[in-house]
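The structure under discussion appears below in the form of structure tokens.
The values are calculated or read from the model by the stated rules, or taken from the named source; none is laboratory data. Just so it is clear, the structure is predicted and the values come from calculations on it, not from any experiment. Here the Cβ positions follow ideal geometry from the backbone for every residue, glycine too, while neighbour counts run over all protein chains shown. Remember, those area values only see protein heavy atoms, side chains included, never the ligands or the DNA or RNA. Shrake-Rupley method; radii C 1.70, N 1.55, O 1.52, S 1.80 Å.
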Amino acid sequence: MSLEATIADAVREVVRQEIRNFVDEVRKATDERAVTREEAAKMLGVSLSAVKRMVTSGEIPSFMIGSYRRIRVSDLPNRKQ
């Protein structure tokens with residue numbers, strides 16, 4: 001096997017592992033229902049700007065999927081009934 005082929009195989013394996021790691025992280029982040037800030041505002045019965053303030057202050061944890069911010073439903077404080 002040539003050096004180039006050996007390097008190509010090694011690179012392929014590293015890329016495969018990185019993809020597996022990424023998929024695992026996405027699964028962890030989406031194991032439970034996640035909503036947009038707009039949906040969270042409706043669920044809480046507050047304004048979108050109020051939710052944005054709560055996220056910025058850390059009162060409500062959030063995470064990013066690509067360029068989209070999401071909030072786990074279980075992280076919403078005392079949802080409106």
* To do: Over the chain, with every protein chain in place, what whole percent of the accessible area is carbon and sulfur at 1.4 Å, could you tell me?
  => 54
* Could you give log10 I(q)/I(0) at q = 0.12, 0.27 Å⁻¹ for the chain, computed by the Debye formula over C-alpha point scatterers of equal weight, without solvent? => -0.49, -1.24
* If you bin the C-alpha pair distances of the stretch 20-63 every 10 Å from 0, what whole percents do you get? -> 27, 42, 25, 6
* Which listed residue (V51, S62, A34) has the Cα farthest towards the positive end of the charge dipole for the chain, taking +1 on Lys and Arg C-beta and -1 on Asp and Glu C-beta about the Cα centre? -> V51
* Structure fact -> Note to self: with every protein chain in place and a 1.4 Å probe, the chain gives an accessible area per residue in Å² of 75
* To do: Can you pull the one-decimal nm distance between simple spin-label points at D24 and A10, each 7 Å off the Cα toward Cβ?
  => 2.2
* Only Lys, Arg (+1) and Asp, Glu (-1) charged, at Cβ; the chain dipole about Cα centre in debye -> 620
* Structure fact -> In deg cm²/dmol, rounded to the nearest 500, the helical mean residue ellipticity at 222 nm of the chain, built from -39500 (n - 2.57) for every DSSP H run of length 4 or more, is -18000 deg cm²/dmol
* **Longest DSSP-loop-exposure-free segment, trypsin sites (Lys or Arg not before Pro), the chain, at most 11 other Cβ within 10 Å** => 34-78
* Asked: Against the longest principal axis of the chain, how steep is helix 48-57, in degrees 0 to 90 to the nearest 10, with axes from Cα atoms?
  -> 60
